Amino acid sequence: MSSLRSIEIFPVHGLSEEKKVIEIMKMPPTSLAIRSSVAVELWSSAGAKQPYEHKPNLPREETKSSRSICFSPDGRHFAYSNGVEVKVLRVPAANDANWEVECKLPRPKAFYLKFSPRGNYLCTWEHYAITKDRPEGSANLLVYEIATGTEVFAIVQKNQTDWEPSWSSDESIFALVVGGEALFYDLGAGTAGFASTSRKIGGSRGGMLSLGPGHCPPFLAFYTPGAKGAPSMCKLYKYPALAQNQTVACKSFFQADRVDMLWNKRGTGVLLVTSTEVDKTGASYYGNQALHFMATKGDTCSVPLSKEGPVHSVKWSPKATEFVVVYGFMPSKAALYNLKCDVIFDFGEGPRNSAYFNPFGNLIALAGFGNLPGAVEVWDVSKRERLANLKCADTTHFEWHPNGEWFVTATTAPRLRISNGFKIYHYSGALLHETLWPQGQELLGLEWQQYPDNTFAEPKITKAKHEGIKSSQPEASKKAYTPPHLRLLKEGKNPEKYLPQPTVPGLAVQGGGGAAAGSAANNKNKRKNNNNNINKTKGNNNINNKREAGDANATTAAVTAAPTESQESFKQNPRPRQQQQHHHTQQQQSEQSPSLANGNVGHNNHNNSNNNSEKDRKIRSVAKKLSDIKKLKSRQSQGETLELNQLNKIEMEASYLDELKALKLSA
């Protein structure tokens, strides 16, 4: 698909050269699943000094309609959609073995795929739709058994953001929320448990459920939004004790339209990220956000945040004893907390909005993606020191390798449709691999192959700089930006000659040609007229002084001086006599009625100019809104989920068109 460059895979530290080769050969052949606009394929590296590329034994299917790819948590299966069906492949144990098709599922419109914790079931979700044959709509959330490929569960799930059902770690309990009610299915006896619910928890619309990992039977958190002045509430239960008086812990809070529940790996604590859609105080565009902690021992508390602003990212360490929070207005703060919600380390401030622990919890990457420049900091968590600082601009995807030493950054569509590609880095900041996507194609997604726990040993972190390759992309200039007019001045050129001409009729460019040149000529004529007026004033003053002094020849001197002044005026401004008389008449009128000559006429011209500029401004504003709506509709047609305010903006398209039509007719 693109040209690749040879790289050197990182060495295993602390081993002799022979043992290094042996250790590398023992490592599992990690694959990278790639979904693009032309195919779904898997890439891998054959070993030391070998690039990542597609191998003949790895699966590849050309398709332009793939919506999702997914590895099972234990790494035994790989599933993807191709617009016709969903294929589930069995991951081989040997390097040279083929990836056999485990089953094919008849879901051509599958949008999301999700495996159960042990990889025995696959959940598919597609957009809810109503047809003439089925006005009530058909089931869009389905569960399939991988071993047989049979459908074992189907239900209507209209929510796209919280569609995923919850599983216990041993897959003995299956639960989901439908219409605000939590439904539980007991799968201890196998797939027959999907036939009917074993337990229920009632609630209001907007309720959310999350089963904790680790324990069997598990702890679970159930959130109920507040209504009519009552606070929102989140309760912890120990399954199957789900009665109201059997709660393990309870936390209530106001200002929560939505809650994200994040469990640690052991299932002993859960973090609640509460948020509101609108900040009524007007302090933030994103609404209010807060962070709370609940423990299965019954402890609850609010996580203290020392800086105002949104909560950008919250992540648990895989060690399950600490978590990191990135919060506050930019530059944001990042801090590490223990299970008592005490700050144990402060990473300081910086342009960051994301945090990623590696699979072992001994490294953490703090990054600023999205509208931030893409700075990435890699920290040694145990030693509390920074190991690397690098720039990964335009990154839309970040993921650690299962070995805990590498990470991949990618620029994917539809978030960005240009400069697509991915890079693999060592934690020391060395670039190990780079692939730039060819023109005309788009990289849509990628994912590392997963492995069971304890497949890789925890890496030993060192400060040694790893040898990498040089990126083929040009580096951004570090020189300070110089505006164009200052560049011209440095070169000794006149900036006015190079300024653009006005594109809007009647709108002048400052310091440029067109109307600006005319105004310069007018200023020159005004200066000449002012000089004439000054000379006349001096002559009149002389005449008056002579009259007051009783000079008999004052009248004669005045008559003699007047022609001399007019001759000098004619030399300075040689105009036809009629034009001079017209100018003299205008000057007399201005002396008699200065408010009429200087005020009213200029005021009318100023009003007309203001009206035209205001109308042009409104037309540009409405056109900008229609352009934004067109982009939103394009993103919506590609399956992207839009926010509520974006959907409301699309509904205003007709009114904006009418407003634009009215403005153009009145122009």
Query - Of all residues in the stretch 337-362 being of a type in the set (A, V, I, L, M) and surrounded by fewer than 20 Cβ atoms within 10 Å (Cβ to Cβ), the one that is farthest from CYS301 (Cα to Cα) - result: ILE344
Query raised in the report: Under the condition of being closer than 14 Å to ILE173 by Cβ and without any contact (Cβ under 8 Å) to a residue 60 or more places away in the chain, which residue from the stretch 197-214 is nearest to the chain's Cα centre (by Cα)?
Result: LEU209
Requested in this report: Give the stretch 248-267 a look and list any residue that's among the small types (Gly, Ala, Ser) and in contact with an Asp or Glu (Cβ under 9 Å, 6 or more places away or on another chain), or say none.
Outcome: ALA249
Query raised in the report: Does the stretch 285-295 contain at least one residue that is without any contact (Cβ under 8 Å) to a residue 24 or more places away in the chain, crowded, with 16+ Cβ neighbours inside 10 Å and under 22 Å from ALA182 (Cβ atoms)?
Result: no
Report task. Please give the number of the condition PHE174 fails out of (1) in a loop (DSSP other than H, G, I, E, B); (2) within 35 Å of the chain's Cα centre (by Cα). Result -> (1)
Report summary line: For the stretch 386-408, pairs from a residue that is free of Cβ contacts under 8 Å to residues at least 12 places away in the same chain to a residue that is surrounded by 18 or more Cβ atoms within 10 Å (Cβ to Cβ) and part of a strand (DSSP E or B), with Cβ under 8 Å and 6 or more apart or across chains, are ARG386/GLU377; ARG386/VAL378; ARG386/TRP379
Report task. Name, by its number, the condition in (1) in contact with a Phe, Trp or Tyr (Cβ under 9 Å, 6 or more places away or on another chain); (2) modelled with pLDDT of 60 or more; (3) buried (at least 18 other Cβ atoms within 10 Å of the Cβ) that does not hold for GLU41. Result -> (1)
Report task. State which residue pairs qualify: first residue of a type in the set (Gly, Ala, Ser) and inside the stretch 239-250, second residue in a strand (DSSP E or B) and surrounded by 12 or more Cβ atoms within 10 Å (Cβ to Cβ) in any location, beta carbons under 8 Å apart, and separation of 6 or more residues or different chains. Result -> ALA249/LYS235; ALA249/LEU236; ALA249/MET294; ALA249/ALA295; ALA249/THR300
Requested in this report: Pick out the one residue from TYR185, TYR223 that is free of Cβ contacts under 8 Å to residues at least 60 places away in the same chain, among the aromatic types (Phe, Trp, Tyr) and under 30 Å from THR276 (Cα atoms).
Outcome: TYR223
Query raised in the report: If you check PRO51, PRO56, PRO73, which single one turns out to be more than 30 Å from GLY212 (Cβ to Cβ) and in contact (Cβ under 8 Å) with a residue 60 or more places away in the chain?
Result: PRO51
Report summary line: When the stretch 147-170 is checked residue by residue, the ones that are within 35 Å of the chain's Cα centre (by Cα) and charged (D, E, K, R) are LYS158, ASP162, GLU164
Query raised in the report: Which residues, taken from the stretch 130-156, are farther than 18 Å from LYS109 by Cα and either in contact (Cβ under 8 Å) with a residue 60 or more places away in the chain or not in a loop (DSSP other than H, G, I, E, B) (or both)?
Result: GLU145, ILE146, VAL152
Query raised in the report: Taking the stretch 615-667 as the search range and keeping residues that are of a type in the set (Lys, Arg) and within 26 Å of ALA129 (Cα to Cα), which one is surrounded by the most Cβ atoms within 10 Å (Cβ to Cβ)?
Result: LYS649
Query - Residue that is surrounded by the fewest Cβ atoms within 10 Å (Cβ to Cβ) [pool: residues in the stretch 202-226 that are in contact with a Lys or Arg (Cβ under 9 Å, 6 or more places away or on another chain) and among the aliphatic types (A, V, I, L, M)] - result: MET208
Query raised in the report: Considering only the stretch 238-263, how many residues are surrounded by 21 or more Cβ atoms within 10 Å (Cβ to Cβ) and in a strand (DSSP E or B)?
Result: 3
Query - Residue satisfying all of: in the stretch 122-138; surrounded by 10 or more Cβ atoms within 10 Å (Cβ to Cβ) and among the β-branched types (Val, Ile, Thr); modelled with the lowest pLDDT among these - result: ILE130
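The values are calculated or read from the model by the stated rules, or taken from the named source; none is laboratory data. Just so it is clear, the model here is predicted, and its values are computed rather than measured. Virtual Cβ from ideal backbone geometry, glycine too; neighbours counted across all protein chains shown.
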